[in-house]
Structures are given as C-alpha cells and as structure tokens.
Protein chains: 2
Amino acid sequence: MAEKTEDVNSIIFLVIDGVGDLPTPKTPLQAAKKPNIDKLADKGITGLLSPIKRGTVPGSDTSHLRLFGYDPEVFYPGRGPLEALGIGMHLNEGDIAFRANFATVKGGVIIDRRAGRIETGDGKKLEKYLSTRIEDVDIVYKHSVDHRGAVVFRGPGLGEFVSDTDPHATSTSVNKSVALDKTPQSEKAARILNKYTEYCARVLSEAAENKERENSGKLPANILLLRGAGRYRHVPPLDERFGIKGICIAGGALYRGVARYIGMDLVLLPSTEDDKILQERAYAAVKAAKDYDLVFVHVKGCDNAGHDGDFNKKREVIEKIDRLMIPIIAKSGASIIITGDHSTPVSRKEHSAHEVPILIYSKEERYDNVKKFDEISCMDGGLGHIRGKDIMPIMLNILKKSEKYGS
Amino acid sequence: MAEKTEDVNSIIFLVIDGVGDLPTPKTPLQAAKKPNIDKLADKGITGLLSPIKRGTVPGSDTSHLRLFGYDPEVFYPGRGPLEALGIGMHLNEGDIAFRANFATVKGGVIIDRRAGRIETGDGKKLEKYLSTRIEDVDIVYKHSVDHRGAVVFRGPGLGEFVSDTDPHATSTSVNKSVALDKTPQSEKAARILNKYTEYCARVLSEAAENKERENSGKLPANILLLRGAGRYRHVPPLDERFGIKGICIAGGALYRGVARYIGMDLVLLPSTEDDKILQERAYAAVKAAKDYDLVFVHVKGCDNAGHDGDFNKKREVIEKIDRLMIPIIAKSGASIIITGDHSTPVSRKEHSAHEVPILIYSKEERYDNVKKFDEISCMDGGLGHIRGKDIMPIMLNILKKSEKYGS
C-alpha cells in the first residue's frame, strides 16, 4: 500500500528508545507534532508491542535481542560482553567482560562515581595503565566515553557469576566481588577481579595524569569500578539463523554491541544526537537499505528524557525525529517499522512494562484505520497486541524470507 | 443471535483455501460482492487468525491439522501419508508413503515433469505395472488424477527420512534418494526407493501404453518421481480426543487425507469446483450437519487463483461461494465458521504469513460490530487475533462439549 517510486526489498527498523509513556494527561507521543510519523501510521498498520511479554519490564539489552529474534533466555550474555563489543573490543569464546567506570575514592570511601565527570580524552589517557596479567589471566581495559569503559578477562577456568565491585552508590567502600554460584570458576574470577581492583587503585593513584588532575583542582580517577559480568560466546548470526543481512546505525555502545553480537555490521556515526547527526543517521539508513535486508536505526534521546523526567525534552526528541529523519527514511522505498524497546514514563524516570506502539509501513503488509502513532491510537491497530518474539517472523514475512511450515 | 427455525447442534466449518491477501489497493475479499457472507459477518463475530503462529507461513497440511486440534509438532506425518490417505489408500502403522507423479525422461534427462499433461485415464492404465515387491518390502502405487498418484512402502525396518527422487525441475536427471538422518532404517528406505525408481523406469518404458503414446506423438510417462516421504501412524481420532464426529466435504486429496487421518468421514463429490459441484457441497454440508458435530467444507479455487496471481479469478471464486453456497448453508440451522488455512496473496503467488479473517455465526457465540468479512474489517473483530490452536477449543465451547478445567 506504500506509495513508492523505487522499492527496495529491505526494512528500516527505527527504535525510539524508551518512547512509550503514560498520559499526564497526554503522552509525549500524543503531545508531539509529528505529521510525518502519523502519515506512516495512517497508511500503514499499527499495534502495541510487549518486547518481552505482557507486564515484564524490559532491559534495553534483552529487549533489543528479543526484537531481532534472539530469545534472551537462550542468548543473553549479560551486559558486560555487549558493552565490550559495542566499544569495539574483540572477544573470544569464554571471555568474561564487564562494564567499567572511573570513580574517585578518598580514605577508602567512594566520593564520586564519575571521577568528577572526567572527560573522554582524560579517561583515554589512563587506559594504558589498566591492561595487565594476573595469575594466568590476561586483562584488557578499553576506554569509551566520559568515565566509561569495559574490561575483558581472558584465561582458563573463569566463571561469570561474580558480584560487582561497583557499589552503585557513594559514601561507601568499593565492594569485594564474590562468586554468586560458589563454583571454583566464579571463585577464580572474583579473586582475579579483587586483585585487579587493587591493581587499578595502585596504578591509578600513582599515575601522573591523576596528580595533574589534583593539582588543577579536579577529582582524581583513582579507582575502576566493575559491574555486569558476563561470558561471551559466539552465537549464530542473523545471516545463519534467518538468512538476512543486518546493519546497525546507533550511537550507544550497548546497541552497537547487541548488533555486533548477532552479526550485524555497523555504521559508525557520532554518539551525539544533534540535528545534523540525526539526519546523517537517516541518510545512512537509506543508503544501507540498498545493500542490507535489515537496517536497525537507534535514537536514544527519548529514553534519556524519560529517565530525567523531562516531558518537554521527550516530546522535542520525537518532533526532531519526525522533522529530521522520517522525511528522508520515507523516501527510501524500504519497508519501515517504528517502535520502542520499552516505555520510560516521564513520571517514573525508569523503564516500565507498558506496551510500546509499533507501526509497519510496507507494501508487503496491510493497512489499518489508525491515523496516529501513539500509545492510545495504536490500541485500535490492526496488528493487535504483539510480542517481541513476533517481530522477526513478521519481518521475515515482509522480506519474503520465511520458510514454509509444512507443505 | 442467529435467526434459525430449526437449530442443529453442529458446526459447518468452511475453509476457503488461501483466501487471505494484501490490499492492492483492495484485497479480493474487499473487492468481491459477497452480501451473504457479509450478512453472517454482520450478525456474527469476527477476528484474524494465524493458523500456526504470528509470522509463520503455513503449509496447507500443517494448517488444517492445527485448525482441527492436531498440533503438527506432534501429529504431522509428512505430506506423503496424507496424500495416500486422501486418494483412498489403506495405510498400516509404520508404512512409508510418498506423493508420486509421472514424468518423461529422455536420455536420462527429465524433459516434462507431468508426462505431457497425461490424462487421468491414461495414468490409471499404467497403475497395474507399478506395484511390486523389492527385498522384503511390498510396494503399492495408486493413481489419482492427471499425472499424480501415491506410493506406499510396507515392510520391516523402514525409515522415513529420505530425500525425494523428484528434482522439482526439468533438464536434470532423476535424483538418487539418500537417507537424510543416516539411520539404517532410512538407508534401507532410500535403497528400496532407488531400486523402485529403476524398476518403474524399466516397466514403464516397456509398457504398451507408452509405446502407443509415442506412436500418437505424445510424451511417454516413462518415469515415476517420488517426494514427500512420511511415516503413517494411527493417531487418536477426533471422536476419541474431543468427543466429536467429523465429516469432510473436499475435492483435493490432501484435505480428504487430513480428514481421514484424524478420523473424519468423507463425502465423495467430484474434485472440480464448477457451480453445480459447489452447490452440491453446500447441500451435502446441510445434510451432514444433522448427523455430525463438525462438517468441514473445503474450497480450493482461491488458493489456485492466488498461486496463479489472478486477482479477478480469486474475487470470482469468493463471489461464487457467496452466491452458490452460503445461502444454502445459512439455512442449515448449524453454527457456521468461515476462514482460510493461510493467505496466498495474488502479488506473491505463494503462501504468506499474513493473518486470515475468520467469522463465527452461532447462537452460541457473541456478535461484534464488524459488518464485512475481509482482512481489514476483521481487524476490529470481537475475537481479536487468534491462533489455529484456539479453534478447536472455541468449537468445543460452541458445541457445549468442552471439559471444565477445575471444578
């Protein structure tokens, strides 16, 4: 039903992170001026999506895996490996990976979990101190942005069920990691992690860069806090499981990591989401749609605004997507899917289990009578209430890549 | 809510094969004049059905099994046994059955997969050559219509996981069958199948009927190609599983085969679908509804039109069903269910995963606000989005044959 001049047999899949909300009295989607998205809703088919299942609050990681056909019960490796992949680290089968962040300790107490909001460049300078070998385990740190990075443990007999050293709070000491499953493998990983934390404290407190920071009145980045341990394993990529080629256009490390994990290629544009970058993402999507079956485009701003409880900001991000991205994408000739990975209601400042609206605009799908893309309008949508697990089969049907069941 | 003079406590279940479609800009159901079906939709309750599950492309065999309460994951025997049953063959537990078709080979190469469109009567004359015994396996061929038939292997230690000898193409040689699961049982079946193929080639090339064909300028039916191997096993019939008696009024062998497989009786009317036969099917359904709980009526024409990409033909078949069958069936006093086993969009010429509309007209069901039976109108239906597995429980509830869960 889509009016296109030059069709390409591919899908541009736009995830507006955290887009779902509660009406207060309007939701940000209802309040936003978004004529271009609504035009797609009018001509396409809509519905409501529970990324995991009804009433389950999705994490961003599990939700994206599920949307792309990977059951998190089977394929979720923990957050660490996804973040490590997302910042470009190479992982081998069995590596244990963590998220890491610089913090400031004073007298054994954490006084700032972001090391005085250390800048990316300053963090990068400290990277060189933080790769080492403890016992028979090689450890690699890679810095990403701000105070963030990832750590990989590579060695024999390591378990992944270890607690965080990051206490997720200030005015407390760094946690000792313990083996959560009491196996010798996790005991070993926890022991290495505790030794590594001591190692980091020592080398960081001696680092010239931190002395300079203190001399100029800044907080030193004198500890590295680790969390989100997970074991990397190779999973069969999209191509092997579904016969499709995917590519990811996202700023955040996690989304890039999920994409790499399941065998998508990446378009590396800046992580910021100013007007120019949003437009560049849209142009990159149109270009990629010529060569890939599935083009995953991610925008983070709505989720950030939701976490900040900022209604107007969330509405504005939706309006920017509508104004800057949709007109470009709509001309691609590709099928278009727009949805979110979960709701992040402004009133809650955190993820919730409320369904997210979804729209599909494709000549390989039907249309319905819904004319607007928001949480309330899409209740009447022709897709009904679907789950994350339905998405990949629906996409394969659009792409004519489904295998017939029976004969 | 149904206006009936003399109610019978039964269901006429009309499957319009392949009826679902995509809007271009209308679907065949939307374009068709079908006042009688729409009247049932207006008075009844509607919805959208995924015969297997969302996004899964159903085969006709798996879909019909699922609609009648037989999970294909448990009960699907492969296509061969269903076809063999459908053409009236007797099957014993453990028999391996195949679909078969006459073809023409020349110099070891298949030049026509339908043996010059051999007529039913000519194929029937060759039947006598094709039953034999190889090693300790009895082999029976039975002819059905045109170039088609079925073959049954009966003997000890036979496996069903064997590849087709039919290459599903011309300008190539006949395939050697191999054991797909490498078991001795399938190895044996593949060996017998290859010997049987050689046997068929020999007796068919020597057959007087084929010499006559060649003398009169026709292609000889000098090879039999086999495909769709499956193992027959007795499954508990409808009566035993659900306490209902079923009967099938279908032309195609597959549908009759599914019906026999699950213990339905058959009404044997011609396979063609001209006006008179369609009316006879309707009258037969009304008659059967007096003695059976479930009367399965099948019409194939829409699926054929879909596979041919013929929009007008598909629309016409719907109009014929509406004009010739529905007025008769609507007076039966039975509950009426109308749906399809899958979509066969004209634009795709093959099955797709798009949901099919369903309507239920019964005083044992509610009504909704939908007034027309088509893919778009039924999005608003009171049944919502249901799956094949929901159908038998819904029918048992209508028939008041459900068992209470708990007390």
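The values are calculated or read from the model by the stated rules, or taken from the named source; none is laboratory data. These numbers were taken from a predicted model, which means no experiment stands behind them. FYI the Cβ positions are ideal-geometry reconstructions off the backbone, even for glycines, and counts take in every protein chain you see.
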Going through (1) within 14 Å of chain A (Cβ to nearest Cβ); (2) out of contact with any Lys or Arg (no Cβ under 8 Å at 6 or more places or on another chain); (3) of a type in the set (Gly, Ala, Ser) one by one, B:Ala288 fails only at (1)
Lone qualifier among A:Ile338, A:Ile321 - being closer than 16 Å to A:His64 by Cα, touching a Leu at 6+ places or on another chain (Cβ under 8 Å) and surrounded by 24 or more Cβ atoms within 10 Å (Cβ to Cβ)
A:Ile338
If you check B:Arg148, B:Arg114, B:Arg54, which single one turns out to be under 30 Å from B:Ser216 (Cβ atoms) and either without any contact (Cβ under 8 Å) to a residue 40 or more places away in the chain or in contact with a helix residue (DSSP H, G or I) (Cβ under 6 Å, 6 or more places away or on another chain) (or both)?
B:Arg114
Scanning the range B:341-385 residue by residue, those polar (S, T, N, Q) and within 21 Å of A:Pro393 (Cβ to Cβ) turn out to be B:Ser343, B:Thr344, B:Ser347, B:Ser352
Determine, yes or no, whether B:Gly123 is touching a strand residue (DSSP E or B) at 6+ places or on another chain (Cβ under 8 Å), assigned to a helix (DSSP H, G or I) and farther than 30 Å from B:Gly333 by Cα.
yes
Contact list please: Cβ distance under 6 Å, first residue in the range A:290-304 and under 16 Å from A:Pro270 (Cβ atoms), second residue acidic (Asp, Glu), pairs at least six apart or on different chains.
A:Lys300/A:Asp17; A:Gly301/A:Glu273
Condition first: within 14 Å of chain A (Cβ to nearest Cβ), among the acidic types (Asp, Glu) and either surrounded by 21 or more Cβ atoms within 10 Å (Cβ to Cβ) or not in a helix (DSSP H, G or I) (or both). Now tell me which residues in the range B:365-396 satisfy that.
B:Asp368, B:Asp374, B:Glu375
Return the residues of the range B:228-243 that are surrounded by 23 or more Cβ atoms within 10 Å (Cβ to Cβ) and either of a type in the set (Lys, Arg) or in a loop (DSSP other than H, G, I, E, B) (or both); say none if nothing qualifies.
B:Tyr232
Which one of these is closer than 19 Å to B:Leu48 by Cβ, of a type in the set (D, E, K, R) and touching a residue at least 12 places away in the same chain (Cβ under 8 Å): B:Arg323, B:Arg366?
B:Arg366
Taking the options A:Leu254, A:Leu278, A:Leu268, name whichever one is under 18 Å from the mean Cα position of the chain (by Cα), aliphatic (A, V, I, L, M) and either surrounded by fewer than 17 Cβ atoms within 10 Å (Cβ to Cβ) or not assigned by TED's automatic domain parsing to the domain that holds A:Lys43 (or both).
A:Leu268
Out of curiosity, is B:Ser362 in contact with an Asp or Glu (Cβ under 7 Å, 6 or more places away or on another chain), closer than 26 Å to B:Leu65 by Cβ, among the hydroxyl-bearing types (Ser, Thr, Tyr) and more than 14 Å from every other protein chain (Cβ to nearest Cβ)?
no
Taking B:Ile37 and the conditions (1) surrounded by 21 or more Cβ atoms within 10 Å (Cβ to Cβ); (2) more than 22 Å from B:Ser332 (Cα to Cα), which numbered condition does it fall short on, given that it satisfies the others?
(2)
The correct count of residues that are more than 13 Å from chain A (Cβ to nearest Cβ), without any contact (Cβ under 8 Å) to a residue 60 or more places away in the chain and touching a Leu at 6+ places or on another chain (Cβ under 7 Å) in the range B:57-104 is 0
